[in-house]
Amino acid sequence: MNSKIIPYGRQTISEADIEAVVSVLKSDFLTQGPTIPIFEEKFSEYIGSNYSVAVSNGTAALHLCAMALGVNNKSRVITTPLTFAASANCIRYCGGEVFFVDIDPNTFLLDINKVRALLEKHPKGYFQGIIPVDFAGNTIDLEAFRKLADEFGCWIIEDACHAPGGYFIDSKNKKQKCGNSIFADLAIFSFHPVKHIATGEGGMITTNNKEFYEKLILLRTHGIVKEQNKYKNNFDDIAQGGWYYEMQELGYNYRLTDFQAALGISQLTRADKNLERRKTLAKRYDTAFSNSKIIKPPSFEGNAYHLYVIQITNRLDLYNHLRENNIFPQVHYVPVHLMPYYQQLGHKKGDYPMVEAYYEKCLSIPMYPSLSNEEQEHVIQTILKF
Ligand SMILES: *Cc1c(COP(=O)(O)O)cnc(C)c1O
């Protein structure tokens, strides 16, 4: 067992997944075809949104959301520095300016009081949007963010990449599933192999807004329209036949393939079971570390446990110790504002002390459904002996 590498996260592929992909490979469709709308419908059912739009990856999902919301070079958008860079980059793709707000060190999530303080420093309308992230699977209270966003005329994109199946409890004591877009305008997911549902590369946007949905469908395929009743051109000189199509907007090729969608559908059937396994693993870690110096992540029922992040003072030594024992932990994340690209835009060390203090100590230890009890025990013992 000790010779096998135990990563911090990995995909779980079943025989049924393989069969689902092979059956599409034997069909007439490789790129976007009839399997895409099936995946979208099943995903909406799982998440509880009216609409889903499958795209080529989570970053493309963020980009299309920013476009659908009209982000441009006058836009100012707030997000957390504790996320994958893509959450901020989507604003830059559209020319907008990114404003980071520090995290609440107890939840790792965007600190709503600090967001309010920033919003209140400027006239209403100065900021256009907020992108909260359900970091590590720890779910954000979007009801509170919606109230705040409405006060200041902002939209919300929920980056729910870490939290499919996770939920928070709203003020009426109701479970609100991540990405259901009841409080957010749009939400996005990624199907990268370390995420809960894997399609290789892949992403999904969820929304309850029909206008956004139609816009996203258009932007996903070059802004091209093929339905005759939607044409804007009106030729009286050249007769147009079935070949005709119109590009009405500057869109992209952000399509998902049909065989990836087949993998996604098959993976989705095990999503609840896999989430339960993540919760069981988290409880076992919680118990194992209860009498140690290790700071544990927030523990609550709606946590989707994409990551299990511990905090420890001698992080580098523990990291090296685990690597020597074939356990490959990871650090999530190097704060986005410290990336040279963002520093060059004016952000600097010292700007967000909470996330910087967190970054000195955080370590993501193995958390994925196929991690066996024996493997987890080996991880726990290796950490505790250190
Ligand atoms: C993975 C991830 C993304 C980007 O998804 P890709 O599919 O890799 O493009 C964006 N935001 C967060 C929080 C992520 O974890």
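The values are calculated or read from the model by the stated rules, or taken from the named source; none is laboratory data. On a predicted model such as this, the values are computed, not experimentally measured, just so you know. Cβ sites come from the backbone with ideal geometry, for glycine too, and all protein chains shown count toward neighbours.
Rundown of residues vs (1) over 21 Å from SER299 (Cβ atoms); (2) buried (at least 24 other Cβ atoms within 10 Å of the Cβ), yes/no style:
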residue: LEU110; (1), (2): no, yes
residue: GLN128; (1), (2): yes, no
residue: PHE135; (1), (2): no, yes
residue: GLU143; (1), (2): yes, no
residue: ARG146; (1), (2): yes, no
residue: PHE152; (1), (2): yes, no
residue: ASP159; (1), (2): yes, yes
residue: PHE168; (1), (2): no, no
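Could we say that GLY9 is away from the ligand (no atom under 14 Å from the Cβ), under 30 Å from LYS114 (Cβ atoms) and under 22 Å from the mean Cα position of the chain (by Cα) here? Here the answer is no, as GLY9 does not meet what is asked.
Per this entry, LYS349 is not counted among residues that are surrounded by 15 or more Cβ atoms within 10 Å (Cβ to Cβ), outside the structural domain of PHE189 (by TED's automatic domain parsing) and within 30 Å of ARG92 (Cα to Cα).
Number of residues in segment 225-253 that are away from the ligand (no atom under 16 Å from the Cβ), surrounded by 14 or more Cβ atoms within 10 Å (Cβ to Cβ) and within 30 Å of ASN180 (Cα to Cα) equals 3.
Of note, ARG284 satisfies the criterion of being assigned by TED's automatic domain parsing to the domain that holds MET367 and either modelled with pLDDT of 95 or more or over 30 Å from ARG220 (Cβ atoms) (or both).
The number of residues in segment 34-51 that are over 16 Å from ARG270 (Cβ atoms) and within 18 Å of the chain's Cα centre (by Cα) comes to 5.
THR280 meets the conditions (1) over 17 Å from ALA54 (Cβ atoms); (2) touching a residue at least 12 places away in the same chain (Cβ under 8 Å); (3) in a helix (DSSP H, G or I) in every case but one. The failed one is (2).
Which of the numbered conditions does SER23 fail, given that it passes all the others? Conditions: (1) under 22 Å from PRO335 (Cα atoms); (2) surrounded by fewer than 22 Cβ atoms within 10 Å (Cβ to Cβ). Here SER23 meets the rest and fails (1).
Would you confirm whether or not segment 305-319 contains a residue that is in contact (Cβ under 8 Å) with a residue 40 or more places away in the chain, part of a helix (DSSP H, G or I) and closer than 27 Å to SER190 by Cα? Taking every residue of segment 305-319 in turn, at least one turns out to be in contact (Cβ under 8 Å) with a residue 40 or more places away in the chain, part of a helix (DSSP H, G or I) and closer than 27 Å to SER190 by Cα. Entry remark, segment 82-102: residues being in contact with a Phe, Trp or Tyr (Cβ under 8 Å, 6 or more places away or on another chain), among the hydroxyl-bearing types (Ser, Thr, Tyr) and more than 12 Å from the ligand (Cβ to nearest atom) number 0 in total. When ARG255 is tested against (1) closer than 30 Å to GLU15 by Cα; (2) outside any loop (DSSP other than H, G, I, E, B), exactly one condition is not met: (2).
Take the residues in segment 152-169 that are within 11 Å of the ligand (Cβ to nearest atom) and hydrophobic (A, V, I, L, M, F, W, C), then tell me which one is farthest from ALA304 (Cα to Cα). Only one residue fits best here, namely ILE157.
Among the residues of segment 320-350, which ones are assigned to a loop (DSSP other than H, G, I, E, B) and free of Cβ contacts under 8 Å to residues at least 24 places away in the same chain? If the condition is that a residue be assigned to a loop (DSSP other than H, G, I, E, B) and free of Cβ contacts under 8 Å to residues at least 24 places away in the same chain, then GLN344, GLY346, LYS348, LYS349, GLY350 are the ones that fit.
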